[in-house]
Amino acid sequence: MEQHEVDSVFRAMRARQADAVELKRDAKAEMVAELLKETDLILTLGGDGTFLAGARVAAPRDIAVLGVNHGHLGFLTEIEAEEMDVGLGRFFDGSYRIEERTMLEVTQSRKGRTLIQEIGLNEVVVDHSGETNILRLEIDVGGQRVGVIDADGAIVATASGSTAYALASGGPILEPTLEDLVLVPMSPFALTVRPIVFAPGQEISLTVVRGPGEMRVDGQGRGQVVAIGDVVSCRSHAKRLKVIRFSPPESFYQRLADKLGWGRPLVPKK
């Protein structure tokens with residue numbers, strides 16, 4: 001992100017007599033907590049990765065997020081960089097709607113002890129590390145044993161994440177405001193192992209039977225080691241993300257066509 005683009009945000013805020021602070025993606029937790037006191041809006045300047053980082057900060061604090069695309073794809077963001085000033089004007093005028101998105105809460109535990117707890121907007125990926133060629137995962141949902149799979153790994157995704165890594169791994173597309181979670185096996189050994197969509201409120205647990213593996217939430221940072229016997233539990237976070245939208249709800253399907261090419265013929269119509 002160029003400094004002049006950040007400066008333009010501050011100028012736009014001052015013109016509307018609003019206070020603004022800059023928050024780096026790698027800011028420490030205590031700094032984030034201090035800077036976001038009495039904050040009404042988080043404006044993300046970048047691509048989808050920046051939006052995901054903003055979502056993890058905003059959702060627990062009930063702060064709305066407006067994504068401004070400075071990247072390439074910008075599937076999650078709402079407006080392009082050149083539309084930022086108009087978008088801010090609409091926000092301050094109240095000419096927008098709030099779209100709520102489910103956040104994922106992920107806990108890694110070992111022998112009953114919690115090691116890591118994170119949240120994410122898109123997904124958690126548990127896949128094999130360099131030490132093993134294939135993972136064996138036991139899948140439980142709501143305390144009910146679903147089965148054991150041999151695969152490169154597995155993805156548990158929200159509806160938002162259904163159009164990201166989960167889609168690339170063969171998962172279904174979910175309408176983004178749905179509260180369902182989807183489990184997508186990654187290159188499973190058995191052809192009969194297919195993605196499953198689970199109803200809201202369910203907790204999905206992945207226990208590593210053969211490993212070790214690695215775990216990543218929203219693709220951030222280096223993978224966390226997941227040892228044999230570790231359990232990765234996934235549930236919907238208590239608070240949903242509030243996303244600023246200027247477009248109507250049905251524009252999601254137009255976005256699928258424009259950004260991902262869904263429904264577009266491979267051979268143009270004559």
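The values are calculated or read from the model by the stated rules, or taken from the named source; none is laboratory data. All figures in this text were calculated on a predicted structure; none of them were measured in a lab. For neighbour counting, all protein chains shown are included, and Cβ atoms are generated from backbone atoms with ideal geometry for every residue, glycine included. Note: areas computed on protein heavy atoms with side chains; ligands, DNA, RNA excluded. Shrake-Rupley method; radii C 1.70, N 1.55, O 1.52, S 1.80 Å.
Tell me whether region 196-211 contains one or more residues that are surrounded by 15 or more Cβ atoms within 10 Å (Cβ to Cβ) and either of a type in the set (Phe, Trp, Tyr) or under 16 Å from the mean Cα position of the chain (by Cα) (or both). Yes: region 196-211 contains one or more residues that are surrounded by 15 or more Cβ atoms within 10 Å (Cβ to Cβ) and either of a type in the set (Phe, Trp, Tyr) or under 16 Å from the mean Cα position of the chain (by Cα) (or both). Within region 20-36, being surrounded by 15 or more Cβ atoms within 10 Å (Cβ to Cβ) and over 22 Å from the mean Cα position of the chain (by Cα) holds for one residue alone: ALA20. From the residues in region 206-233 that are touching a residue at least 40 places away in the same chain (Cβ under 8 Å) and of a type in the set (Val, Ile, Thr), which one is farthest from SER160 (Cα to Cα)? Restricting to residues being touching a residue at least 40 places away in the same chain (Cβ under 8 Å) and of a type in the set (Val, Ile, Thr), the top hit is VAL209. Taking each residue of region 183-198 that is of a type in the set (Ser, Thr, Tyr) and looking for partners that are assigned to a loop (DSSP other than H, G, I, E, B) and open to solvent by 40 Å² or more (accessible area, probe 1.4 Å) with beta-carbon atoms closer than 7 Å, six or more apart or interchain, yields SER187/ASP152.
Look through VAL217, VAL184 and report the one residue that is under 19 Å from ASP48 (Cβ atoms), out of contact with any Ser or Thr (no Cβ under 9 Å at 6 or more places or on another chain) and open to solvent by less than 60 Å² (accessible area, probe 1.4 Å). Even if it seems obvious, please write down each step before you answer.
Numbers: VAL184 fails: out of contact with any Ser or Thr (no Cβ under 9 Å at 6 or more places or on another chain).
After applying the criteria, what remains is VAL217.
Being out of contact with any Ser or Thr (no Cβ under 8 Å at 6 or more places or on another chain), under 30 Å from GLU30 (Cβ atoms) and either surrounded by 19 or more Cβ atoms within 10 Å (Cβ to Cβ) or polar (S, T, N, Q) (or both) is true of ALA58.
Against the criterion of being in contact with a strand residue (DSSP E or B) (Cβ under 7 Å, 6 or more places away or on another chain), closer than 30 Å to LEU66 by Cα, assigned to a strand (DSSP E or B) and open to solvent by less than 30 Å² (accessible area, probe 1.4 Å), VAL232 does not qualify.
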